[in-house]
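Laboratory data are not the source of any read-out in this text; all were calculated from the coordinates shown. Quantities reported herein were computed from a predicted structural model and do not represent experimental measurements. Glycine gets a Cβ as well: all are built from the backbone with ideal geometry, and neighbour counts include every protein chain shown.
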Amino acid sequence: MEKVTERFIRYAKQYTTSNPESETYPSTERQMVFMQKLADELREIGCSEVELDEFGYVMATIPANGVENVPLIGFVAHVDTSPDFSGENVQPQIIEKYDGLAIHLKNGVSIDPKDFPEILNYTGQSIITTDGTTLLGADDKAGVAEIVSAAEFLLKSKEIRHGKIRLGFTPDEEIGKGTDHFDVKKFGADFAFTLDGGEIGELEFENFNAAGAKIKIHGRSVHPGSAKDKMINASLVAHQIIAMLPPSERPEHTEKYEGFFHLTDIKGNVEKAEVSWIIRDHDLLKFEEKKKLLTSIVQKINLDYGKTVAEIEITDQYFNMRQKIEPVMYVVEIAKQAMLQAGVEPKIKAIRGGTDGARLSYDGLPCPNIFVGGHNFHGPYEFIPIPSMIKAVEVIVNIAQLASKMKK
Ligand SMILES: [Zn+2]
């Protein structure tokens, strides 16, 4: 059997960056190339029902081994890497028995415990880093490698009893389109887990509720010399609206379960202006209140000017999966148990962002997220300790066994 480390390095070297500008699905042909190889590999290790569809999703089955009438579980990971940083010609470096000092890579990139103190948790362990010129892509090739390695292990270990297991590999997660064409019905699992979390022990079943808001402001441009009581400066109206939002509810002043208004774009002149925000909150009520607040600010502005100078458009983007997981909390319990059995302390926390699992949960597939073991995703400081990857494989195998003891 190929070790999870070797498998991960082999995947990491393949160029699979997604592209937010693309109109195709998957967004890049290189992801399709990766998926084709992945499908071949899954067939080789003995998976059945291996299928690559036109959108670039690979699904596969580990047939049941001696257990029936148990829940059908699934594992999901994404193959693309973030367009935020180069993912071409990735050259993973293995740092044997990390000594607790700064790791110096190319381009003057150093992973220094002064900047990243969490790396000291892995002193004495072997760690995989980039060479300094690219990201590593442990997000989420580590997840892919861990699932395939666990699958190979389960397929070869005839003595381990388990029910039918489905594997799903998705493109374009990093550009927010990872589940656009994911066929939950065809996948057929009762519940699943995304392997797309960070450090060892991470277990997540909460994420933000999310919306985008755009305010268009219509000004009235008049020669400034004769503007008294006539001019409406759209840019200044934008400024007024921005100032009416609580400064404490900005990303730079919030953490944990605190939501925010994040101003993402602003442009304007006297005649017109446009301001965009993203609105985030874990709590559905507070989320709705935030949307109402922005709407009421616009109403107030229009009232003050005695006409419609500002128009608001709010679009919901995704919702907190907690609402869908709470009725099936045993799914989280299984993951917790699986970690404890592997000697891993579960670290349950709320994602301050979205996740593929959230959309899948709303599509009827409850899908918490578990760790792959990596740190500092999306850039050259990315690293992943090898023992964390091995633990992730163990957790997958444990989940398979725990689920086989449940009644469907
Ligand atoms: Zn990811």
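Taking PRO346, is it farther than 23 Å from TYR257 by Cα, of a type outside the set (S, T, N, Q) and in contact with a strand residue (DSSP E or B) (Cβ under 6 Å, 6 or more places away or on another chain)?
Here the answer is no, as PRO346 does not meet what is asked.
In the stretch 320-361, what residues are part of a loop (DSSP other than H, G, I, E, B), of a type in the set (D, E, K, R) and either more than 16 Å from the ligand (Cβ to nearest atom) or more than 18 Å from the chain's Cα centre (by Cα) (or both)?
GLU345
If you check ASP84 against the conditions, is it surrounded by fewer than 19 Cβ atoms within 10 Å (Cβ to Cβ) and within 16 Å of the ligand (Cβ to nearest atom)?
Spelling it out, ASP84 is indeed surrounded by fewer than 19 Cβ atoms within 10 Å (Cβ to Cβ) and within 16 Å of the ligand (Cβ to nearest atom).
For every residue, the table says whether it meets (1) within 16 Å of the ligand (Cβ to nearest atom); (2) surrounded by fewer than 24 Cβ atoms within 10 Å (Cβ to Cβ); (3) not aromatic (Phe, Trp, Tyr).
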| site | (1), (2), (3) |
| --- | --- |
| LEU154 | no, yes, yes |
| SER157 | no, yes, yes |
| THR170 | yes, no, yes |
| ASP180 | yes, yes, yes |
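Looking at this structure, is GLN341 surrounded by 15 or more Cβ atoms within 10 Å (Cβ to Cβ), among the polar types (S, T, N, Q) and within 19 Å of LEU72 (Cα to Cα)?
Against the criterion (surrounded by 15 or more Cβ atoms within 10 Å (Cβ to Cβ), among the polar types (S, T, N, Q) and within 19 Å of LEU72 (Cα to Cα)), GLN341 does not qualify.
Being touching a Ser or Thr at 6+ places or on another chain (Cβ under 6 Å) and within 16 Å of the ligand (Cβ to nearest atom) is the filter here; which residues of the stretch 58-81 pass it?
Scanning the stretch 58-81 gives VAL76, HIS78, VAL79, ASP80, THR81.
If I go through the stretch 192-239 residue by residue, how many of them are farther than 30 Å from ASP265 by Cβ and surrounded by fewer than 24 Cβ atoms within 10 Å (Cβ to Cβ)?
Qualifying residue count for the region: 8.
Could you look through the stretch 190-214, keep only residues that are more than 13 Å from ILE396 (Cα to Cα) and touching a Leu at 6+ places or on another chain (Cβ under 9 Å), and pick out the one that is farthest from the ligand (Cβ to nearest atom)?
Here the residue is ALA213.
So, in the stretch 363-399, of the ones that are among the acidic types (Asp, Glu) and within 26 Å of GLU96 (Cβ to Cβ), which residue ends up farthest from the chain's Cα centre (by Cα)?
Selected residue: GLU394.
Return only the number of the condition from (1) farther than 30 Å from GLU249 by Cβ; (2) surrounded by fewer than 21 Cβ atoms within 10 Å (Cβ to Cβ) that GLU382 does not satisfy.
(2)
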